Ligand code: AMP
Ligand code: MG
């Protein structure tokens, strides 16, 4: 009996020794926002408080969503799209920052990312269930309506002078290609501000932000979806205080007469981007960069995308490209953070220097 008691005491003391500490319990909160399931997980040992805090974050996300949704009639984006060219007041500095940063990415990517693609997105039926293939003449007219340089955004001069946004009559915008990334950065900032050092913010549809590392101090290991078999991961990327975003033809699409039409459109043609790529994954400390650039590089294709990566070291990002013939390319900066997943070890990975 005494022996058992001693063993129990020993086990207890071992658990409290440095190095033998138990991981804090994960606190997980799931919500539906921005058309997708969001999962926020934090490890900080303060279960009750953290759950309430993560709940507040999902409410914040819902609030942002209500301003950005292109389909909700009470949203800011809907108001701009239906103002007939008139100015609409920007509701707050967060929405202003998103618009400002999104337009700047449109410019940097030479319009491969274009937030005014919305009339074309609607025409293909990607906002609802009724998909259709517009005629070549219709596509020509739609392509003429895509031009981010026509978005007017006045300066933000504080709460009293919020500034406004305007679009020419007939044009419409949609922040779907960047909103999740922007939201990821926003939430990660709040998580860090309250002192949480280990969290994983999954914004759904392949935008994920790692705050710090896993509780044991090792990096998070995040799978990259195989576009040919969306139920499996072909690679694993290690993330520590870093984000990752994927744009893939497999994420939203329809088929007609044996042809697959996906939701990422080429602003020049208003049709699904046929660049030879089926997925682009971007890794960067900035989730907005991941989200915006994964869409833009998908449009650009491998050659122009790799050139863009070389030309823009200031954007601090790395890329994994998958071509329609199944070739895998990754940029050199992922060395030590990228590995092929189980079952894919024999695949060749070409490194872009
Ligand atoms: P993502 O899933 O981040 O690649 O964004 C794709 C979404 O952004 C689509 O569902 C459209 O709503 C919109 N979109 C499609 N093509 C573009 C484009 N070239 N630039 C900006 N937004 C786009
Ligand atoms: Mg995107």
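The values are calculated or read from the model by the stated rules, or taken from the named source; none is laboratory data. Since this is a predicted model, take the numbers as computed values, not measurements. Backbone-built Cβ (ideal geometry, glycine too); neighbour counts: all protein chains shown.
Assorted remarks:
- Residue match in segment 234-241 (condition: within 16 Å of the chain's Cα centre (by Cα), part of a loop (DSSP other than H, G, I, E, B) and surrounded by 16 or more Cβ atoms within 10 Å (Cβ to Cβ)): no
- Unique match (being closer than 30 Å to residue 310 by Cβ and in contact with a strand residue (DSSP E or B) (Cβ under 8 Å, 6 or more places away or on another chain)) among 62, 117, 97, 79: 117
So that you can scan it fast, the table gives a plain yes or no per residue for (1) within 13 Å of ligand 2 (Cβ to nearest atom); (2) surrounded by fewer than 24 Cβ atoms within 10 Å (Cβ to Cβ):
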site: 251; (1), (2): yes, yes
site: 255; (1), (2): no, yes
site: 258; (1), (2): no, yes
site: 269; (1), (2): no, yes
site: 280; (1), (2): yes, no
site: 286; (1), (2): yes, yes
site: 313; (1), (2): no, yes
site: 342; (1), (2): no, yes
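- Flag: residue 104 matches the condition of being farther than 30 Å from residue 29 by Cα, within 16 Å of ligand 2 (Cβ to nearest atom) and surrounded by fewer than 18 Cβ atoms within 10 Å (Cβ to Cβ).
- Residue under evaluation residue 125, criteria (1) away from ligand 1 (no atom under 14 Å from the Cβ); (2) surrounded by fewer than 17 Cβ atoms within 10 Å (Cβ to Cβ); (3) outside the structural domain of residue 260 (by TED's automatic domain parsing), criterion not met: (1)
- Residue match in segment 148-166 (condition: within 26 Å of the chain's Cα centre (by Cα), within 23 Å of residue 35 (Cα to Cα) and at pLDDT 95 or above): no
- Test: residue 274 is modelled with pLDDT under 95, under 27 Å from residue 174 (Cα atoms) and surrounded by fewer than 18 Cβ atoms within 10 Å (Cβ to Cβ): no
- All strands (runs of 3 or more DSSP E) inside segment 297-353 with 1 or more residues being farther than 13 Å from residue 280 by Cβ: 338-340, 349-352
Table: residues versus (1) in a loop (DSSP other than H, G, I, E, B); (2) crowded, with 23+ Cβ neighbours inside 10 Å; (3) assigned by TED's automatic domain parsing to the domain that holds residue 111.
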position: 181; (1), (2), (3): no, yes, no
position: 184; (1), (2), (3): no, yes, no
position: 192; (1), (2), (3): no, no, no
position: 196; (1), (2), (3): yes, no, no
position: 199; (1), (2), (3): no, yes, no
position: 205; (1), (2), (3): yes, no, no
position: 209; (1), (2), (3): no, yes, no
position: 215; (1), (2), (3): yes, no, no
position: 218; (1), (2), (3): yes, no, no
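- Residues located in segment 143-162, provided they are closer than 30 Å to residue 284 by Cα and part of a helix (DSSP H, G or I): 148, 149, 150
- Residues being more than 16 Å from ligand 1 (Cβ to nearest atom), more than 22 Å from residue 241 (Cα to Cα) and crowded, with 20+ Cβ neighbours inside 10 Å - total across segment 288-311: 1
- Taking segment 32-46 as the range and being under 14 Å from residue 195 (Cα atoms), modelled with pLDDT under 90 and out of contact with any helix residue (DSSP H, G or I) (no Cβ under 7 Å at 6 or more places or on another chain) as the test, the residues that pass are 45, 46.
- A count restricted to segment 163-179 and to residues that are assigned to a loop (DSSP other than H, G, I, E, B), crowded, with 22+ Cβ neighbours inside 10 Å and away from ligand 2 (no atom under 16 Å from the Cβ) stands at 1.
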